[in-house]
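Structure record follows, encoded as structure tokens.
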Amino acid sequence: MSAASDSRPAVVWFRDDLRVADNPALDAAARTGRPVVCLFVWDDRSPGLRPPGGAARWWLHHSLTSLDAGLRERGSRLVVLRGPAEPTIAALLSDLDAAAVFWNRRYGGPERRIDTAVKTAAREAGIEAESFGASLLFEPWTIRTGSGSPFSVFTPFWRACLSAPPPRKPLDAPARLTHGPTVDGLAIDDLGLLPAHPDWASGLRDAWEPGEWAAHSALDAFAAGALIQYREDRDVPGVDGTSRLSPRLRWGELSPHQVWHTITAARDARTSDAAATFLSELGWREFAYHTLFEHPDLATVNIHRAYDSFPWPRLHPSVLRAWEQGRTGVPLVDAGMRELWTSGSMHNRVRMVVASFLTKNLLIDWRRGERWFWDTLVDADPASNPFNWQWVAGSGADAAPYFRVFNPELQRTKFDRHGDYVRRWVPEWGTAGYPEPVVDLAESRRAALAAYETVKSAQRA
């Protein structure tokens, strides 16, 4: 290879893999020995792409800032562009006379179409273009039933994953990157990801520190601490018993391989069962993405199409608004919704409760709730968010039985026995200022079962 050809840069296209360690695309670019251009394209124009919600954009801003700092420590920096990805990247590759472009794979339908178009155009132009597995432990096409079809039930899916070759070990971050040619890009602030008028993100700032360094600190702290009691504490919203790693996985500040191997290394006689339980939650995330791969319209279309005929009653906007604002008069539901609005997150047990309450007690279409979570969760991702909503509603893969209706009062007395969680988020609970429930729980459950029975009857017919 000549010196002239050596000077042609390799481009790394970052998306939801905002880290320098265990980043196969960045590692591949560094190994070429070429100058490296690190790129993020804010694509709010390509057809089919779902723009991140407000809370997720807040996180993205800070995660990009952290990534830029990590690249600068290694002699590079993040180039930020805005526009439809395919022509934007094609123009950049041409302007740079780039030799290669690398990225880590995505699994949604529109994303895959864009990535395929970029790869095809680059190769036709004589540019090396390669993608890598970085965001999942197991690629969707590698885990199949005996007949070659995708799994639709989690337990056999996870059993097949555990029987497959183990996830690869994480890659080290490049010690040094050769800085590529200067590219006129945007400042991260120019993307307008942060709320301004008004700035509603004070609760997010109090609750979270985005970024790769903070992500590793959180993972290590969990492995050394809360993991021990994870099986017992993960369902108790009033204690700090969960990992809180989901937004860090969503934006790729951590890879699932890093999480897997850290938890596996921490596994001993005390934590063996807890570690297995936690890793199965990582498996549930895998199952969601495998389902998205097979059902690209997961956020809008029932997996079980019989639910298309579900008799959703006419929506009462005031009732939906009461749910969104945490003013339903049902303490655990209200606590969860206020935690969500304030912190951009919600305890996982409570997420199931509030979703069940919306879809079954209030009989409001699950897509309404999914959209609200999409806008308010810092960890809202295109797979887990709709997948879990469909699971609760009964229309999805491995769905909860239609007759399973979480009773929020029983859930509160079981998992928030002393009321610590509810009192934190609903201080007026138990006073004259707290509203009466918007529905009767028993009557609304009976109405939900009757409505769901119409779907079941249609299926049997």
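Given 0.36 nm per residue, what is the gain on full extension from Arg205 to Glu73 after removing their alpha carbon distance, in nm? Please report the intermediate quantities before stating the final value.
Working: separation 132, 0.36 × 132 = 47.52 nm, distance 2.47 nm.
Taking 0.36 nm per residue and subtracting the Cα distance, the gain is 45.0 nm.
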Task: Per-selection metrics, region 56-106 (Cα): Rg and Dmax in Å - done: 12.9, 34
Open item on the list: How far apart, in nanometres, would the label points at Thr413 and Thr277 be if each is projected 7 angstrom from Cα along the Cα-to-Cβ direction?
Closed with: 2.3 nm
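Please give the peptides 103-112, 57-66, 276-285, 260-269 ranked by average Cβ packing (other Cβ atoms within 10 Å per residue), highest first, as a rough proxy for protection. It would help to have the intermediate numbers written out before the result.
Numbers: 103-112: 20.1, 57-66: 22.4, 276-285: 18.4, 260-269: 15.3.
Order by mean packing, descending: 57-66, 103-112, 276-285, 260-269.
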TODO: For Val101, enumerate residues with amide H under 5 Å from its amide H, sequence gap 5+ or separate chain, H modeled in the peptide plane.
DONE: Val11, Glu128, Ala129, Glu130
Open item on the list: With just the Cα atoms defining each centre, how far is region 90-125 from region 276-314? Give it in Å.
Closed with: 29 Å
Open item on the list: Rg over Rh of region 305-460, using C-alpha atoms and the Kirkwood radius, what does it come to?
Closed with: 0.95
Task: Debye equation applied to the C-alpha atoms of region 235-297, log10 I(q)/I(0) at 0.13, 0.16, 0.20 Å⁻¹ - done: -0.43, -0.63, -0.91
Task: Shape category assigned to region 3-134 from the gyration tensor of Cα positions, a/c cut at 1.5 - done: oblate
Open item on the list: With +1 assigned to the C-beta of every Lys and Arg and -1 to the C-beta of every Asp and Glu, and no other charges, what is the dipole magnitude of the chain about the Cα centre in debye, to the nearest 20?
Closed with: 960 debye
Task: region 223-229 - phi-based ³J(HN,Hα) in whole Hz, Karplus 6.51/-1.76/1.60, Gly and Pro as x - done: 4, 8, x, 5, 4, 4, 9
Task: Cα gyration tensor shape of region 102-188, rounded if a/c is under 1.5, else prolate or oblate by comparing a/b with b/c - done: prolate
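May I ask for the net charge around Val455, where only other residues with Cβ less than 12 Å from the Cβ of Val455 are counted and Lys, Arg are +1 while Asp, Glu are -1?
+1
Once you keep just the Cα pairs under 8 angstrom separated by 6 or more residues, what percentage relative contact order results for the chain?
Numbers: 727 pairs, mean separation 82.7, N = 461.
It comes to 18 percent, rounded to a whole number.
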Open item on the list: Quick check: from the Cα gyration tensor, does region 73-219 come out rounded (a/c under 1.5), prolate or oblate?
Closed with: oblate
Task: DSSP-defined antiparallel bridges as percent of all bridges, the chain, nearest 5 - done: 5 percent
- [ ] Grab the other residues whose beta carbon is less than 11 angstrom from that of His290, score K and R as +1, D and E as -1, and report the net.
- [x] -1
- [ ] Scan around Arg82 for amide H atoms under 5 Å from its own, H built in the peptide plane at 1.01 Å from N, and keep only partners 5 or more places away or cross-chain.
- [x] Trp42
Open item on the list: If you average the C-alpha positions of region 408-461 and of region 321-356 separately, how far apart do those two centres end up, in angstrom?
Closed with: 11 Å
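Report, in debye and to the nearest 20, how large the dipole of region 3-134 comes out about its Cα centre when Lys and Arg carry +1 and Asp and Glu carry -1 on their Cβ.
Numbers: 18 positive and 17 negative charges, 49 e Å.
In debye, rounded to 20, region 3-134 gives about 240.
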Open item on the list: Quick one: 3J(HN,Hα) in Hz for region 140-156, Karplus 6.51/-1.76/1.60 with θ = phi - 60°, rounded, Gly and Pro as x.
Closed with: x, 7, 9, 10, 9, 5, x, 8, x, 8, x, 6, 10, 10, 5, 4, x
Task: Helix-only CD estimate at 222 nm, as mean residue ellipticity for the chain, using -39500 (n - 2.57) per DSSP H run (n ≥ 4) - done: -14000 deg cm²/dmol
Task: Residues Glu209, Glu370, Glu124, sorted so that the one with the fewest Cβ neighbours within 10 Å comes first - done: Glu124, Glu209, Glu370
- [ ] Starting from the amide H of Cys38, placed 1.01 Å from N in the peptide plane, find each other amide H under 5 Å away whose residue is 5 or more places distant or on another chain.
- [x] Val12, Arg77, Val79
TODO: Kindly write out, for region 192-198 in residue order, the coupling ³J(HN,Hα) from the Karplus curve 6.51 cos²θ - 1.76 cosθ + 1.60 (θ = phi - 60°), rounded to whole Hz, with x marking Gly and Pro.
DONE: x, 7, 8, x, 10, 10, x
Task: Size of electric dipole in region 361-461: Cβ of Lys, Arg +1 and of Asp, Glu -1, about Cα centre, debye, nearest 20 - done: 300 debye
Open item on the list: Straight-line reach from Lys169: which aspartates and glutamates fall under 14 Å, measuring Cα to Cα and dropping same-chain residues less than 8 apart?
Closed with: Asp22, Asp27
- [ ] For a quick protection proxy, order the peptides 391-397, 223-229, 131-137 by their average other-Cβ count within 10 Å, most packed first.
- [x] 391-397, 131-137, 223-229
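Give the value in nm², to one decimal: projected area of the alpha carbon convex hull of the chain, averaged over all directions. Mind dumping the intermediate values first?
Working: hull surface 96.1 nm².
Taking a quarter of the hull surface, the average projection is 24.0 nm².
Every number in this text was worked out from the coordinates using simple rules, so none of it is lab data. What you see is a predicted model, and the numbers here were worked out from it, not measured in a lab. Please note: Cβ atoms are built from the backbone with ideal geometry, for glycine as well, and neighbour counts cover all protein chains shown.
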